[in-house]
Protein chains: 2
Amino acid sequence: MDTRDALLDSAEQLVRSRGFDAFSYADLSAAVGIRKASIHHHFPTKADLALALIVRYRAQFGDTLGAISRKSATGGARLRGYLDAYRAALQGGRAVCLCVAFSAGRESFSDPVLAELDGFHRDGAVWLRETFAKGREDGSIKAVGEPSAEADATLALVEGAQLVARAAGDIERYDAATGLLRQRTR
Amino acid sequence: MDTRDALLDSAEQLVRSRGFDAFSYADLSAAVGIRKASIHHHFPTKADLALALIVRYRAQFGDTLGAISRKSATGGARLRGYLDAYRAALQGGRAVCLCVAFSAGRESFSDPVLAELDGFHRDGAVWLRETFAKGREDGSIKAVGEPSAEADATLALVEGAQLVARAAGDIERYDAATGLLRQRTR
DNA sequence: GTCTATAGATCGATAGAC
DNA sequence: GTCTATCGATCTATAGAC
């Protein structure tokens, strides 16, 4: 793996576990094993690093959603895959997904970063809307209301569940918050 | 109002709009109109300030929930009051409530602060559980599942809705995320 | 209780050798 | 592309006069 990717990987982990404002190039230097000045060669400013992180994350998460779609026969299976993906990102309660971390620190970011963050949320809402529409058609999700309203509610639910679970450092909170929704897929 | 309260008020606003790590005693000094060194007289360390903020917020929010309970005749009315309270805290999309801000920055806090934060979440979950139980009895909330599961889901939903709305700087996102739940109270 | 002054650390970022 | 060295700004916190 080249240095740029290693920097992005370590930076993403630091953002997700500590927050964007709470880690420094010194932390990143220690994690990757090169000097602070060398990081600036790859990402001249921290704003450049933030943009690279969110662009990569949005693309990767789009791939993840595509993979869930392909292997899920029903809308309910898709929704369970989505809940599982956010659950895995919690790392047992020691991190949140990058979008939650970025949403929480939105004051620190430039407009291009905020635009990507908004795009990430819109991507997720579109995918969820299709998922609920499918689940309503095939009967694999119970009591489906307006799909776009279900999508907006589900996006907020999983991000809030991550936040609450992370605050307590306990992944049980995520399961408790998402339990009713998961039950609707059985 | 005495200086200590003025400091807490300004600090709370700064935390909710920028995040705990992203404001400094210099910002607080400018907001309140006394010198940085004078702030240390009231709150020797920033950790002391954090604890005072969350303790006060937990107590105030408990009062708010009590007031909602007293003026609400049904479980549904209580739930609408809860959704309204979190909506008002958004300040049009320019801030989040203190618990969301603290949850997001949990790495910056000492154990006593995290214990208060957890207490805040437990208080809210207990109140919501009673609210859903009441709404199920009096028929003012539709399709109520297990009250404690409804409570955990609702807490995560409103915190996530705040996060998404704040990220976009648009309170419409809060209304979109909470619309289905609100509909269940009609 | 508020002030001036400053300590000591850390921050993001840059210059220039190799 | 990575390094040493360093800059100027900012951070939390303290000392001591008033």
(request) Any residue in segment A:1-15 that's in contact (Cβ under 8 Å) with a residue 60 or more places away in the chain: show its pairings with residues that are among the basic types (K, R) and surrounded by fewer than 18 Cβ atoms within 10 Å (Cβ to Cβ) at Cβ separation under 9 Å, as long as the two are six or more apart or on different chains. (result) A:E12/A:R56
(message) If I go through segment B:36-63 residue by residue, how many of them are within 19 Å of B:T154 (Cα to Cα) and within 16 Å of DNA strand C (Cβ to nearest atom)?
(response) 0
(message) With the requirement that a residue be touching a residue at least 40 places away in the same chain (Cβ under 8 Å) and buried (at least 19 other Cβ atoms within 10 Å of the Cβ), what does segment A:174-184 give you?
(response) A:Y174, A:T178, A:L181
(message) Looking at (1) of a type in the set (G, A, S); (2) in contact with a Pro (Cβ under 9 Å, 6 or more places away or on another chain); (3) facing chain B (nearest Cβ under 10 Å), which one does A:A177 not meet, given that it meets all the others?
(response) (2)
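Which one of these is more than 16 Å from DNA strand C (Cβ to nearest atom), small (G, A, S) and out of contact with any Pro (no Cβ under 6 Å at 6 or more places or on another chain): B:G33, B:G66? Walk me through it before giving the result.
On the way: B:G33 fails: more than 16 Å from DNA strand C (Cβ to nearest atom).
None of the others qualify; the one that does is B:G66.
Yes or no, residue by residue, for (1) surrounded by 16 or more Cβ atoms within 10 Å (Cβ to Cβ); (2) within 13 Å of DNA strand D (Cβ to nearest atom); (3) within 14 Å of chain A (Cβ to nearest Cβ):
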{"residue": "B:T3", "(1), (2), (3)": "no, no, no"}
{"residue": "B:D9", "(1), (2), (3)": "no, no, no"}
{"residue": "B:D21", "(1), (2), (3)": "yes, yes, yes"}
{"residue": "B:H41", "(1), (2), (3)": "no, yes, no"}
(request) Note down all Cβ pairs under 8 Å where the first residue falls in segment B:28-41 and is outside any helix (DSSP H, G or I), the second is near DNA strand C (Cβ under 6 Å from one of its atoms), and they're at least six residues apart or on different chains. (result) B:I34/B:T3
(request) Can you confirm whether segment A:128-149 contains a residue that is more than 9 Å from chain B (Cβ to nearest Cβ), closer than 18 Å to B:T178 by Cα and in contact with a Ser or Thr (Cβ under 7 Å, 6 or more places away or on another chain)? (result) yes
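Can you give me the ranges of the helices (runs of 4 or more DSSP H) entirely in segment B:53-157 with at least 3 residues that are over 25 Å from A:A22 (Cα atoms), more than 12 Å from the chain's Cα centre (by Cα) and in contact (Cβ under 8 Å) with a residue 60 or more places away in the chain? Break it down stepwise before answering.
On the way: elements: B:75-89, B:98-104, B:111-138.
Hits in segment B:53-157: B:75-89, B:111-138.
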(request) With the checklist (1) near DNA strand D (Cβ under 8 Å from one of its atoms); (2) under 16 Å from B:F109 (Cβ atoms); (3) not β-branched (V, I, T) in hand, flag the one item B:L51 doesn't pass. (result) (1)
(message) What's the number of the only condition in (1) surrounded by 20 or more Cβ atoms within 10 Å (Cβ to Cβ); (2) within 12 Å of chain B (Cβ to nearest Cβ); (3) at pLDDT 95 or above that A:L79 fails to meet?
(response) (2)
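The values are calculated or read from the model by the stated rules, or taken from the named source; none is laboratory data. Everything quoted here is computed from the prediction, not taken from an experiment. Every residue, glycine as well, gets a Cβ built from its backbone with ideal geometry; the counts of neighbours run over all protein chains shown.
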